[in-house]
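Below is one structure; the comments refer to it alone.
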Amino acid sequence: MREYLLTLCITAAVTYLLTGPVRKFAIVAGAMPEIRARDVHREPTPRLGGIAMFFGLCAGLLVADHLTNLNQVFANSNEPRALLSGAALIWLIGVLDDKFEIDALIKLGGQMIAAGVMVMQGLTILWLPIPGVGNVALTQWQGTLLTVALVVITINAVNFVDGLDGLAAGMVCIAAAAFFLYSYRIWYSYGIESAAPATLFAAILMGMCLGFLPHNMHPARIFMGDSGSMLIGLVLAAGAISITGQVDPDALALFTGSEKAAVHQTVPVYIPLLLPLTIIAVPAADLVLAIVRRTWRGQSPFAADRGHLHHRLLEIGHSHSRAVLIMYFWSALIGFGALAYSVNSASMWIVLGVVFLSAIGLVLLLLPRFTPRAPRWAEHVVPPRYRRRGRAAESLAAASVEATDTAADAGDAAADADASDAVQESVEPVEEEESASVTAGLGVNGATALGPRSRLGKGGKVRI
């Protein structure tokens, strides 16, 4: 465990220290695309954060290769080298996309090639644990197709959820933590060495996300871009493929009976990890909903829009930070709930606990619909979101009427211009006093949560 933690810390430190210089490089290189209609940030923000994450991955693998116990992972398995090869390819494609906005089909082809590179070096699914049947061996073509499909699904699921500051890195970090505990339990408790590579991948993935998060939390100073989201998606998929398709369920010896019984005991976690839908359940659900939504509208499944789950949370009325925390909560509930169920699937308390926490999550999710309003005498001591909107609306209406009367009395274009200025000047103090309430009333889709801090200096230049 000490060597895993050391690898995690080194990976996090390298990623954190390199993110600052990478941000300056991204600004100089012009990797700051204009704000699009689907974006929720207000200022052009540099991308290419995946560069720091990739070098953190390389540092973690290099350190692990020189440690006493983790060195055996490299000696007994070619999976770390396969991961590095596929990660380098997908990272290069992501860097090009962050700078030049390459076509979605080209990115899809690159994802399939990266998965194929890993398969060629041995990181593939060899068999599937099927409940009621046992261990089913796959042919080479079956294993290759299934591995490529899982890699592509996971990469795009993580890429689709990367829409808010700190969202993708935090969710993947939570998933990696649950995955690390599961794989470490198989490797340490049952002595199965084939689970060691997946445990190492999870530790490195946590370090990559933890090192990048301080720079990416709201308001973000840098985005990971496709170079980062596709990279962490591939690492997450590699760990799931390694432990699901190469660890023999019969070796767990959970039952003294047949291999069928061992598979039946491990199916609560093996089947979800196979898809994998517990560790990335929320991104996978967002991916499926996005494809159905866009196809139903006659659009391409790769066409970007503002219909993702995090966009809907903003539309409901959640702030930027609260929307991210809600997504964190559901990811942790699903991931660690599956982990607890794999430890003791016969315990009813685990099921009841998951149901209870799910109910709490639903209440938090719908909280803006039932936001209480403070009485008028207490409005000056409560946050703006709890104040009544009547006063702000009345002030805006009175200002509009007064400006309109002024324009009518003047009777010329100059008076109309003066009236518009009067409206603007009279509205601004009200907006500054109760910005959250007024903005919510105008329906700006969560824009009240976006940080007002500006990094634009004089002349519109970005302060580095």
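So, of the residues in the range 154-165 that are part of a helix (DSSP H, G or I) and hydrophobic (A, V, I, L, M, F, W, C), which turns out to be surrounded by the fewest Cβ atoms within 10 Å (Cβ to Cβ)?
F160
Condition (residue is more than 21 Å from G239 (Cβ to Cβ), touching a Ser or Thr at 6+ places or on another chain (Cβ under 8 Å) and acidic (D, E)) applied to the range 34-57: is it met by at least one residue?
Within the range 34-57 (the criterion being more than 21 Å from G239 (Cβ to Cβ), touching a Ser or Thr at 6+ places or on another chain (Cβ under 8 Å) and acidic (D, E)), the answer is yes, since at least one residue qualifies.
Condition (residue is at pLDDT 70 or above and within 24 Å of G233 (Cα to Cα)) applied to the range 348-357: is it met by at least one residue?
Looking through the range 348-357, none of the residues is at pLDDT 70 or above and within 24 Å of G233 (Cα to Cα).
Inside the range 84-128, can you point out the residues that are in contact with a strand residue (DSSP E or B) (Cβ under 6 Å, 6 or more places away or on another chain) and open to solvent by 30 Å² or more (accessible area, probe 1.4 Å)?
Result: W127, single match.
Would you check which residues across the range 191-205 are open to solvent by less than 20 Å² (accessible area, probe 1.4 Å) and either in a helix (DSSP H, G or I) or in contact with a Ser or Thr (Cβ under 9 Å, 6 or more places away or on another chain) (or both) and list them?
Scanning the range 191-205 gives A195, A196, P197, A198, T199, L200, F201, A202, A203, I204, L205.
Listed here are the residues, each with its yes/no results for (1) open to solvent by less than 20 Å² (accessible area, probe 1.4 Å); (2) aliphatic (A, V, I, L, M); (3) within 22 Å of L84 (Cα to Cα); (4) touching a His at 6+ places or on another chain (Cβ under 7 Å).
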residue	(1), (2), (3), (4)
V152	no, yes, yes, no
L167	yes, yes, no, yes
R185	no, no, no, no
P214	no, no, no, no
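Residue by residue, here is whether (1) at pLDDT below 70; (2) of a type in the set (A, V, I, L, M); (3) closer than 28 Å to A240 by Cα; (4) open to solvent by less than 20 Å² (accessible area, probe 1.4 Å) holds:
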{"site": "I279", "(1), (2), (3), (4)": "yes, yes, yes, yes"}
{"site": "P283", "(1), (2), (3), (4)": "yes, no, yes, yes"}
{"site": "I291", "(1), (2), (3), (4)": "no, yes, yes, no"}
{"site": "T295", "(1), (2), (3), (4)": "no, no, no, no"}
{"site": "P301", "(1), (2), (3), (4)": "yes, no, yes, no"}
{"site": "S319", "(1), (2), (3), (4)": "no, no, no, no"}
{"site": "M327", "(1), (2), (3), (4)": "no, yes, yes, yes"}
{"site": "S331", "(1), (2), (3), (4)": "no, no, yes, yes"}
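Would it be correct to say that H41 is of a type outside the set (V, I, T), surrounded by fewer than 19 Cβ atoms within 10 Å (Cβ to Cβ), at pLDDT below 90 and out of contact with any helix residue (DSSP H, G or I) (no Cβ under 7 Å at 6 or more places or on another chain)?
yes
Among the residues that make up the range 131-147, is at least one of them β-branched (V, I, T) and touching a residue at least 60 places away in the same chain (Cβ under 8 Å)?
yes
A137 is checked against (1) surrounded by fewer than 23 Cβ atoms within 10 Å (Cβ to Cβ); (2) modelled with pLDDT of 90 or more and fails just one. What number does that condition carry?
(2)
With (1) part of a helix (DSSP H, G or I); (2) under 21 Å from V288 (Cα atoms) as the list, and W141 as the residue in question, which single condition is left unmet?
For W141, the exception is condition (2).
Could you please find all residues in the range 166-190 being closer than 16 Å to P219 by Cβ and part of a loop (DSSP other than H, G, I, E, B)?
G166
The values are calculated or read from the model by the stated rules, or taken from the named source; none is laboratory data. Because the structure is a prediction, the values reported are computed rather than measured. No Cβ is skipped: glycine too gets one built from the backbone with ideal geometry, and neighbour counts run over all protein chains shown. These area figures cover heavy atoms from the full protein model, side chains too; ligands, DNA and RNA do not enter into them. Shrake-Rupley method; radii C 1.70, N 1.55, O 1.52, S 1.80 Å.
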